[in-house]
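The values are calculated or read from the model by the stated rules, or taken from the named source; none is laboratory data. This is a predicted model, so every value here is computed, not measured. Every residue, glycine among them, receives a Cβ derived from its backbone with ideal geometry; neighbour counts consider all protein chains shown. Just so you know, the surface numbers come from the protein's heavy atoms only, side chains and all, with ligands and any DNA or RNA stripped out. Shrake-Rupley method; radii C 1.70, N 1.55, O 1.52, S 1.80 Å.
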Amino acid sequence: MKVYDLRSDTVTHPTEEMRAAMARAEVGDDVMGEDPSVNQLEEMAAQMMGKEAAVLVASGTMGNLVSILAQTQRGDEVIAGTESHVFWNECGGASVMGGLQLRQVANDYRGMMDPDEVDRAIRRPGNIHFPRSSLLCLENTHNRCSGGILTPSDTKALCDVAHAHGMQVHLDGARIFNAAIALEVPATELTKDVDDLTFCLSKGLSAPAGSLVCGDQDFVDRARKWRKAVGGGMRQVGVLAAAGIVALQTCIERLADDHANARKLAEGLAEIPGLSVEPDNIRTNIVFVEVDPSLGPTPDFIRRMVEEGVRVSYPGERNFRMVTNRHITSQDVDETLGIVSRVARVAAAASH
Ligand code: TLP
């Protein structure tokens, strides 16, 4: 049976070119700063993000963690969106390892926060009871907000508020290139106002592992130290960096295909009775789908899709997520829609 794996863009396999580059990668001991492939990737990443320096880490989760640790002190308060990945999906690492308190501000449907609400959430100094607000976390594209995008002016508006209060701004840019491609702007337009950012090689860009933490040299030095503390200092990791370099050279432009496929998927799903999604809100590669009670319990609906070969993720009470990626073609989208529509028809008939 053919399987349509729409659980995530993290399921993508390295390309043949990446595998070849990995096989011939020049390597050294990266903890000693001597891996030429890692050094090349870090320089490339810093340059592409318009920052002074970068450090390679194992994952997006590690990238967010070491960035947050490098920007804060124990007992500080970090402001992050209600739907943010750092709050939902990183095992509370910033609180566990950083002794930090996470304060939430509402994300709207595309992951934006209201700058006035952010302003109101910032602790004013002078009250002995209050923690210090030291860091604002943004996310672009926004995973739980259907891959929504923050524009350069959204980013600036939020950074201005934080900076006016002496705070730093961290950007979880796991999918920053999806945002840049969708907006047709260089990634630097989306990063120039933040103090630091993390982006991933292992999502739509298809590398097997790795994320880059970027910022000024001082910040990157602190993040590098935290990387060692959390056990992320790897040795001949140029084999992974080599794949990352190919990812940055060959896999960015093609993200537009994932976006077109996600839009087509959303348009098709919106036509299926009992499912709802707003296709106009799908700007990148992530589609959240609402399931009407008339289709029966959502877990049963998801199970039936899986039995027919359509794999999805983020199962909720009444919704699930589908993510297009390099292994999903336009024809796969048509076939997926055929399957989902059949499953929905059967589910609707069964629940009557
Ligand atoms: N997201 C994954 C899972 O939710 C874990 C996915 O399938 O989308 N920031 C954002 C915005 C992310 O979406 C993710 C991963 C991460 C950080 C963490 O990256 P990894 O998985 O490399 O630790």
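Points worth noting:
- Formal net charge of residues neighbouring Thr329 (Cβ-Cβ distance under 13 Å; K, R +1; D, E -1): -2
- Rg and Dmax of the chain, Cα atoms only, in Å: 20.8, 66
- Each of the peptides 191-201, 336-346 was scored by the mean count of other Cβ atoms within 10 Å over its residues; in descending order, highest first, they stand as 191-201, 336-346.
- Helix-only mean residue ellipticity at 222 nm for the chain, each DSSP H run of n ≥ 4 adding -39500 (n - 2.57), per residue, nearest 500: -13000 deg cm²/dmol
- Amide proton proximity set for Leu171, modelled H, under 5 Å, gap of 5+: Leu138, Asp196, Leu197, Thr198
- Placing R0 at 35 angstrom, the Cβ-Cβ distance between Gln249 and Asp108 gives a FRET efficiency of 0.50 after rounding to 0.05.
- 0 to 90° range, to nearest 10: angle between helix 36-49 axis and the chain longest Cα axis: 80
- Among Ala94, Asn143, Pro208 - extreme Cα towards positive end, dipole of the chain, charges at beta-carbon: Ala94
- Mean accessible surface per residue for the chain, computed with a 1.4 Å probe while every protein chain stays in place, in Å²: 42
- Pairwise FRET efficiency - His163 versus Lys2, Cβ, R0 = 45 Å, nearest 0.05: 0.35
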